[in-house]
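Student: Take this structure first; my questions come after.
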Amino acid sequence: MSVDRSDPDTHLIHVGGELAYTTAAPLRAEVDRVLADAPRALVLDFADLTFIDSSGLAVIVHAWREGQSVGTTLRLRAVPRFLTAILDITGVAALLGRPMPANRAVGPGSPQSAATA
């Protein structure tokens, strides 16, 4: 994983290798660090991703949900075919394409902010 913050409006995280139970926590922590700056967009680049499990998928959903709460748009880049299929089958692709309903927005201090993906 590497992070590019050279554009203050769009932060980029390159994700490579396996994104699974044992490797998802560092990505989630980095997503949280990036979103603390509330950039306009967060781009997750999966060009070098070789595997993802449900823990990795949960990090993507977490990034979308937390991004929504701070006004950051989540974009996925260089998504491999296997990840595209997983996103479609699980419904995450449709989720990423829509804003979180206002009555379900999660922000700091709200009762739902402790929930995780």
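A short reminder: the numbers here are calculations on the coordinates, not readings from a lab. It should be emphasised that the depicted structure is a prediction, and the values quoted were computed from it without experimental measurement. Ideal geometry is used to build each Cβ from the backbone, glycine not excepted, and the neighbour counts take in all protein chains shown.
Student: Modelled label-to-label distance, Ala94 and Asp53, 7 Å Cα→beta-carbon offset: nm?
Tutor: 2.7
Student: What ³J(HN,Hα) values, in whole Hz, does the Karplus curve 6.51 cos²θ - 1.76 cosθ + 1.60 give for the stretch 79-94 when θ = phi - 60°, with x put for Gly and Pro?
Tutor: Per residue, the Karplus-derived 3J(HN,Hα) values read 7, x, 4, 5, 6, 4, 5, 5, 4, 5, 4, 7, x, 5, 4, 5 Hz.
Student: Further, regarding this structure: Peptides 40-51, 79-90: what's the order by average Cβ count within 10 Å, highest mean first? Show your work: numbers first, answer last.
Tutor: Numbers: 40-51: 16.7, 79-90: 14.1.
Packing order, densest peptide first, comes out as 40-51, 79-90.
Student: When N counts the residues of the stretch 14-88, how does its alpha-carbon radius of gyration compare numerically with 2.2 N^0.38 Å, as a ratio?
Tutor: On the way: Rg = 11.6 Å, N = 75, 2.2 N^0.38 = 11.3 Å.
Normalised by 2.2 N^0.38 Å, the Cα Rg of the stretch 14-88 equals 1.02.
Student: Okay, next question. Using each residue's phi in the stretch 25-31, evaluate 6.51 cos²θ - 1.76 cosθ + 1.60 at θ = phi - 60° and report the 3J(HN,Hα) Karplus result to the nearest Hz, with x for Gly and Pro.
Tutor: For the stretch 25-31, the Karplus-derived couplings read 4, x, 5, 4, 4, 5, 4 Hz, x marking Gly and Pro.
Student: A further question on this structure: Highest mean first, how do 59-70, 15-26 rank when packing is the count of other Cβ atoms within 10 Å averaged over residues? Don't skip to the answer; put the middle values down first.
Tutor: Working: 59-70: 21.0, 15-26: 15.2.
Order by mean packing, descending: 59-70, 15-26.
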